[in-house]
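The values are calculated or read from the model by the stated rules, or taken from the named source; none is laboratory data. Owing to the predicted nature of the structure, the values given are computational and were not obtained by experimental measurement. Because the Cβ atoms are built from the backbone with ideal geometry, glycine has one as well, and the counts that use them run over all protein chains shown.
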Amino acid sequence: MITGDYPVTAQHIAMEIGLENPDKCMTGAELHAISDVELRRKIKDISVFARVVPEQKLKIVEALKHNGEIVAMTGDGVNDAPALKAANIGIAMGKKRTDVAREASSLVLMDDNFSSIVAAIRMGRRIFDNLQKSFGYIFAIHVPIAGLSLIPILIAQLPILLWPVHIVFMELIIDPACSIIFEAEKEEANVMSRPPKKLDEPFFGARKIIFSCLQGVGILLVTLAVYLGGLYYSFEPNQVRAMAFTTLIISNIAVILTNRSWTDNIFKIISTPNKAGLWVVGGAIFFLTLILNVSFFLHLFQFQQLTLVNILICIATGISTIIWFEIYKLIGLKKQQKVIPENS
């Protein structure tokens, strides 16, 4: 808390709102008398600054940033502009306030309501999470597409699995999944109980890329198992292609659903409404059913009509690709979550 009020008033308010160390208070005069180095050391324990002039806010912001803190600064006057600009995120009041403060800020509260900051953080974290889910899905699904396109070519005397028409059909699912399904996803349950991201943490680092690619490798291996198994049992090339492609589509749908949340299990995800997901997944299943049963599409996709047993095998193997990720969410991610009260 940085205020121009008297220390006793500031400490009383700090105690009421639950700030840490409300009894430790530094005044503007004391702040002016100490060096920047000493301020960086003392500011780790001080939560209240009283009788502070606007010019001293910049000094406090720079001390916090030097200590590695992520600083959000609120203000509305001309004198607040340097501190707003220096903070990691400046928050300006929007009603009848100075244009200088608004221009220096990253966020403007049009209703001058501090609770809007919480709503903005919640929205920002939801968008951040959904973009990461979309990126992860892109990496995951393109690994099997690349592998299934190249492996039959690199290994002689194997029928080609994916033709251009198959890739086009896949992209008709992938594109809306990235741009609509994940964008419309609600925030995670723990979205407001997480600590801020580190400043040097990449948006989508190597660890998440590798993790997403492992999902794709799982789909690739399962689809290849269906493909090679059909060849081993001397199925017709068109039948093998139809089974492998059906497995790939089911795996694609499964990975879309499981990546909607990196904490909730698949059953909770399915029970959580997402209209965009319902339309895309429902459309994919509907058109796959048409392709497998209409003669024109069977010829176009170079498929052979599958039996019920073939389809059940494809469904079972496709769903199996997300089992390890569901186990990971159940065991690994739950242990990593920090239990912080929602209103803290």
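For the structure I just gave you, tell me whether residue 198 is surrounded by fewer than 12 Cβ atoms within 10 Å (Cβ to Cβ) and without any contact (Cβ under 8 Å) to a residue 24 or more places away in the chain.
Here the answer is yes, as residue 198 does meet what is asked.
Given 136, 124, which one is assigned by TED's automatic domain parsing to the domain that holds residue 232, assigned to a helix (DSSP H, G or I) and touching a residue at least 24 places away in the same chain (Cβ under 8 Å)?
Going through 136, 124 in turn, just one is assigned by TED's automatic domain parsing to the domain that holds residue 232, assigned to a helix (DSSP H, G or I) and touching a residue at least 24 places away in the same chain (Cβ under 8 Å): 136.
State the number of residues belonging to the range 25-72 that are hydroxyl-bearing (Ser, Thr, Tyr) and closer than 20 Å to residue 8 by Cα.
The qualifying residues number 2.
When you go through 101, 72, 83, 92 one by one, which is the residue that is closer than 17 Å to residue 43 by Cα, of a type in the set (A, V, I, L, M, F, W, C) and either surrounded by 22 or more Cβ atoms within 10 Å (Cβ to Cβ) or outside the structural domain of residue 38 (by TED's automatic domain parsing) (or both)?
83
Can you report the number of residues in the range 115-169 which are over 23 Å from residue 190 (Cβ atoms) and touching a strand residue (DSSP E or B) at 6+ places or on another chain (Cβ under 9 Å)?
0
Which residues, taken from the range 190-220, are of a type in the set (A, V, I, L, M, F, W, C) and farther than 29 Å from residue 320 by Cα?
Matches in the range 190-220: 192, 199, 203.
If I ask for residues that are touching a residue at least 40 places away in the same chain (Cβ under 8 Å) and not hydrophobic (A, V, I, L, M, F, W, C), which ones from the range 139-151 would you list?
Within the range 139-151, 142, 144, 147 qualify.
For residue 74, state whether it is under 21 Å from residue 6 (Cα atoms), of a type in the set (Ser, Thr, Tyr) and modelled with pLDDT of 90 or more.
For residue 74, the condition - under 21 Å from residue 6 (Cα atoms), of a type in the set (Ser, Thr, Tyr) and modelled with pLDDT of 90 or more - is not met.
How many residues, within the range 201-251, are touching a residue at least 40 places away in the same chain (Cβ under 8 Å), under 30 Å from residue 67 (Cβ atoms) and not in a helix (DSSP H, G or I)?
2
Among the residues in the range 122-139, are any over 24 Å from the mean Cα position of the chain (by Cα), surrounded by 16 or more Cβ atoms within 10 Å (Cβ to Cβ) and of a type in the set (Lys, Arg)?
No, the range 122-139 contains no residue that is over 24 Å from the mean Cα position of the chain (by Cα), surrounded by 16 or more Cβ atoms within 10 Å (Cβ to Cβ) and of a type in the set (Lys, Arg).
Within the range 270-279, does at least one residue satisfy the condition of being within 29 Å of residue 304 (Cα to Cα) and either modelled with pLDDT of 95 or more or hydrophobic (A, V, I, L, M, F, W, C) (or both)?
Yes; the residues of the range 270-279 include at least one that is within 29 Å of residue 304 (Cα to Cα) and either modelled with pLDDT of 95 or more or hydrophobic (A, V, I, L, M, F, W, C) (or both).
Report yes if some residue within the range 151-164 is among the hydrophobic types (A, V, I, L, M, F, W, C), surrounded by fewer than 18 Cβ atoms within 10 Å (Cβ to Cβ) and modelled with pLDDT of 90 or more; otherwise report no.
Within the range 151-164, one or more residues are among the hydrophobic types (A, V, I, L, M, F, W, C), surrounded by fewer than 18 Cβ atoms within 10 Å (Cβ to Cβ) and modelled with pLDDT of 90 or more.
Of all residues in the range 227-248, count the ones that are surrounded by fewer than 22 Cβ atoms within 10 Å (Cβ to Cβ) and in contact with a helix residue (DSSP H, G or I) (Cβ under 7 Å, 6 or more places away or on another chain).
Going through the range 227-248 one residue at a time, the tally reaches 3.
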